[in-house]
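The numbers here are math on the coordinates, done by the rules we state, and not lab data. All values derive from a computational prediction rather than experimental measurement. Glycine also receives a Cβ, built like all others from the backbone with ideal geometry; neighbour counts cover every protein chain displayed.
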Amino acid sequence: MARYRGPKSKIARKFGEPIFGPDKVLEQKNYPPGQHGNNRRRKKQSEYGTQLKEKQKAKYTYGVLEKQFRNLFGAASRAKGVTGEVLLQLLESRLDNVVFRLGIAPTRRAARQLVGHKHVTVNGSVVNIASYQLRPGDIVGVREKSKSLEIITDSLTSSRHNKFAWLEWDGSQMVGKFLNRPEREEIPENIKEQLIVELYSK
C-alpha cells in the first residue's frame, strides 16, 4: 500500500502546523525548513502556489496520495452540496480517519496500520482497507483478540472519543458508531477547502 514515509517534522514546519500531531521540533523551530532557516528571504507566493499548498496540506493531513485525492475530489464534485465541504466529509468518512477520531489509535498513521493489520471491524466484519468509506449507522469496533493491544489501550486512556458530535463511543464494548457525515464547522482541521476547489477547477 502506497503512503508517505518521509520526514514528518519537516512537512509540519513547511505548513507551520502540527498536521501529524504534537511535534516538539515544530515547537522549537516554527519556521519553514531550509539551509538558512528563518533568515531566508522568501518570495511572495503566487495564487497557484497558495492553492497547491492547501491541497498538499489536506493530502498530508489525511494521509492520501494524489490519485486517491483526485478521485475523492471527482466524487465530491459529482455529489450534491458544496464541493469543498463534501470533499472534507469524504475524507472524514474514511475508516482510518474514524478509527483515529474515535481514539482507538493515537494518529492517523497508526490507525492505518491497525486497519491494515486486521485489528478493526465494521459492522462485525474485519475490514483491512484504510480508505473504506463509512456510511451513517456503521459500527466500527476493535477485533476481540486485539482489545488488549498496548497501542489501543494506551490511546483509549487518553483519547478524544467524546469530542465529535458525529461519532458515538461505547467504551465497555470498544465500539463506535458513525452517526453521520460531519458538517464543515464540526471538522477541526485548518484547511481552506475552497482553494483546493479553485485549483482543480483550472
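Given +1 at the Cβ of Lys and Arg, -1 at the Cβ of Asp and Glu and no other charges, the dipole of the range 47-181 around its Cα centre is 320 debye to the nearest 20.
Residues whose amide H comes within less than 5 Å of that of Trp169, counting only those at least five positions distant or on another chain, are Lys177 (H built at 1.01 Å from N in the peptide plane). The local environment of Val122, defined by Cβ-Cβ distances under 14 Å, has a net charge of +3 under the rule Lys, Arg +1 and Asp, Glu -1.
Couplings for the range 134-142, taken from phi via the Karplus curve 6.51 cos²θ - 1.76 cosθ + 1.60 with θ = phi - 60°, read 7, 10, x, x, 5, 9, 9, x, 9 Hz in order; Gly and Pro are left as x.
Put in line by how crowded their Cβ is, counting other Cβ atoms within 10 Å and starting with the fewest, Arg70, Arg181, Arg78, Arg143 read Arg78, Arg70, Arg143, Arg181.
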